[in-house]
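Enquirer: Take a look at this one; I'll ask things after.
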Amino acid sequence: PLPYLTIIGSIFFLFGMGYAFSKLFQASMMFLLVWFWSVIFFGGFMTQDSPANSRLVMSLPAVALFIGLGIYKFTDYLLKTKLINQQWQKSISAIIVLILIVQNFGYYFGVYYYQDYNEDANGELGQQTGLELQHLGPDYDLYLFGTPRVFAAFPTTVFLAPKNGLFDLTTDKIGSLTLRSGKRNIFVAIPENLSDLMAIAIKYPGGTWEA
C-alpha cells in the first residue's frame with residue numbers, strides 16, 4: 001500500500017540520482033544508472049502484467065546506493081558552505097540513515113507483516129489456501145477450480161503445504177473425478193467457477209461450505 005521509499009528516502013534518492021546524471025560519463029555513475037534503469041525498463045515496461053513488485057526488487061541495491069550518495073552530497077554541501085564541521089557531517093549522515101532504518105523496519109515488520117497485504121488476488125488465494133492446508137494437515141488433497149486465473153500448484157501454496165496433494169479441476173473433469181483412497185479433500189474455486197463447487201456438492205454430499 002506504500003511506495004518502497006519514505007518521503008525522506010525519496011528526497012535523498014532524487015538527490016543521488018540527480019548527482020549521478022550530472023556526472024553521467026563517470027564510469028561508476030554510468031554503471032549505477034544503467035543498473036537501476038535496466039531493471040525498471042526490462043523488469044517493468046517490457047514485461048507482461050507490469051509493474052510487478054518482485055521484479056523491481058533487483059533495483060533496490062542501486063536505490064540504496066543512490067540514497068547513500070544523496071546523503072553524502074547533501075552533507076558535503078553543508079560542510080563546504082561551512083554550515084557544519086566534519087564531525088557534524090558524520091553525525092547528520094548517521095542520524096538520517098538511522099531514521100530511514102527505523103521507518104522501513106518499523107513498517108515492514110509491523111504494519112505490513114500483520115496486515116497480510118497481497119499484490120493480487122491470485123497470490124492471496126495461493127497464500128490463504130496454503131495456510132488452510134497447513135492447518136488441516138498433510139492428509140488433505142486440494143482440488144482447485146482456478147481456470148483460467150490460477151493453478152493448484154501455485155508456488156506459494158507449494159511452499160506452505162509441500163506434503164499435500166494439489167490438483168487442478170475443470171468442469172469437464174467433474175464426472176470422471178475419483179478421489180484418492182485414504183485422503184480427505186478440500187475443494188476451492190475462484191468466484192467465476194462457483195457453479196463447479198455446486199456440482200461437486202451434488203456428487204459428494206455432506207461437505208462443509210466456507211466463503
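Enquirer: What are the pairs with Cβ atoms under 8 angstrom where one residue, in segment 58-75, is of a type outside the set (S, T, N, Q) and the other, located anywhere, is open to solvent by 10 Å² or more (accessible area, probe 1.4 Å) and not in a helix (DSSP H, G or I)? Sequence gap at least six, or different chains.
Expert: LEU60/TYR4; VAL63/TYR4; VAL63/LEU5; ILE67/LEU5
Enquirer: Is it the case, given these coordinates, that ALA94 is without any contact (Cβ under 8 Å) to a residue 60 or more places away in the chain, surrounded by 14 or more Cβ atoms within 10 Å (Cβ to Cβ), under 18 Å from THR6 (Cα atoms) and among the aliphatic types (A, V, I, L, M)?
Expert: When the stated conditions are applied, ALA94 does not pass them.
Enquirer: How do the pairs read when you match residues in segment 115-132 that are farther than 20 Å from ILE186 by Cβ with residues anywhere that are open to solvent by 40 Å² or more (accessible area, probe 1.4 Å) and of a type in the set (S, T, N, Q), using Cβ under 6 Å and keeping only pairs 6 or more apart or on different chains?
Expert: Note: pairs meeting the criteria are GLU119/ASN53.
Enquirer: Given the options GLU119, GLU124, name the one that is in a helix (DSSP H, G or I) and under 30 Å from ASP168 (Cβ atoms).
Expert: Exactly one of GLU119, GLU124 is in a helix (DSSP H, G or I) and under 30 Å from ASP168 (Cβ atoms), namely GLU124.
Enquirer: Sticking with this one: Go over the candidates PHE159, PHE145 one by one and state the one that is exposed (fewer than 12 other Cβ atoms within 10 Å of the Cβ) and within 21 Å of ASP120 (Cα to Cα).
Expert: Answer to the selection: PHE159.
Enquirer: PHE21 fails exactly one of the following numbered conditions: (1) farther than 30 Å from GLN128 by Cα; (2) touching a residue at least 24 places away in the same chain (Cβ under 8 Å). What is the number of that condition?
Expert: (2)
Enquirer: Something else now. Residues that are closer than 28 Å to PHE31 by Cα, at pLDDT 85 or above and hydrophobic (A, V, I, L, M, F, W, C): list the helices (runs of 4 or more DSSP H) wholly contained in segment 46-116 that include at least 2 such residues.
Expert: Hits in segment 46-116: 60-80, 86-106.
Enquirer: In addition: Does PHE154 satisfy the condition of being aromatic (Phe, Trp, Tyr) and either touching a Ser or Thr at 6+ places or on another chain (Cβ under 7 Å) or over 26 Å from PRO1 (Cα atoms) (or both)?
Expert: Against the criterion (aromatic (Phe, Trp, Tyr) and either touching a Ser or Thr at 6+ places or on another chain (Cβ under 7 Å) or over 26 Å from PRO1 (Cα atoms) (or both)), PHE154 does not qualify.
The values are calculated or read from the model by the stated rules, or taken from the named source; none is laboratory data. The shown structure was predicted, so the numbers you read here are calculated from the model rather than taken from an experiment. Here the Cβ is made from the backbone with ideal geometry for all residues, glycine too, and neighbour counts use every protein chain on show. Surface accessibility is based on the protein's heavy atoms, side chains included, excluding ligands, DNA and RNA. Shrake-Rupley method; radii C 1.70, N 1.55, O 1.52, S 1.80 Å.
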